[in-house]
Amino acid sequence: QVQLVESGGGLVQAGGSTRLSCVVSGRTFSLYAMGWFRQAPGKEREFVAAINAWDTSTRYTRSVEGRFTISRDNAKSTVYLQMNNLKPEDSAVYYCAGGTSGIWAPAASGYGYWGQGTQVTVSS
């Protein structure tokens, strides 16, 4: 059984930083791309960032480029999302997603497994 468990987040002041973690079990973590998505109240879930399985190639949605960094530690089966210079519009539930291949995908259809989500609230 594949499980993705997120941690981190919480309440952060605008301009601050926080790091999300997602531990994966039940599959060979190093073979698959990983992604982060977010969903704000009343909005659809949107792609935030993704990372390939092997060459650590990454992709970001434009609104977070230069502020967020996705990384992975295959030895720990963990993917991270470092979030800096946070803005109120970054407030959302953030979801970790496990890819269906080793190549990142910018859409939810490219992911077969999802975490339960973790809340990030940025106060102004």
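Tabulated results
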item: Accessible surface, per residue, of the chain when the full set of protein chains is kept, probe 1.4 Å, Å²; result: 50 Å²
item: Amide proton proximity set for residue 85, modelled H, under 5 Å, gap of 5+; result: none
item: Rounded FRET efficiency, nearest 0.05, which uses the C-beta distance separating residue 85 from residue 2 and R0 of 30 Å; result: 0.35
item: Heavy-atom accessible surface of the chain: percent carbon and sulfur, 1.4 Å; result: 47 percent
item: Whole-percent pair-distance distribution, where bins are 5 Å wide, for the alpha carbons of the chain; result: 2, 13, 24, 26, 19, 10, 5, 1, 0
item: J(HN,Hα) series, segment 108-113, from Karplus relation 6.51 cos²θ - 1.76 cosθ + 1.60, nearest Hz, glycine and proline x; result: 4, 5, x, 10, x, 9
item: Angstrom value of the Kirkwood radius, inverse mean 1/r, which spans all Cα pairs in segment 1-42; result: 12.7 Å
item: Linear extension gain, residue 31 paired with residue 62, 0.36 nm per residue minus alpha-carbon span; result: 8.5 nm
item: Rounded to 5, percent antiparallel among DSSP beta bridges of the chain; result: 90 percent
item: Student exercise, segment 53-92 dipole from Lys, Arg, Asp, Glu Cβ charges, in Debye to nearest 20; result: 0 debye
item: Burial ranking of peptide ranges 42-50, 12-20 (average Cβ count within 10 Å, highest at the top); result: 42-50, 12-20
item: Over the chain, relative contact order from alpha-carbon pairs under 8 Å, at least 6 apart, %; result: 36 percent
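The values are calculated or read from the model by the stated rules, or taken from the named source; none is laboratory data. Treat the numbers as computed from the prediction; the structure is a model and nothing was measured. Glycine also receives a Cβ, built like all others from the backbone with ideal geometry; neighbour counts cover every protein chain displayed. Only protein heavy atoms, including side chains, enter the accessible area calculation; ligands, DNA and RNA are left aside. Shrake-Rupley method; radii C 1.70, N 1.55, O 1.52, S 1.80 Å.
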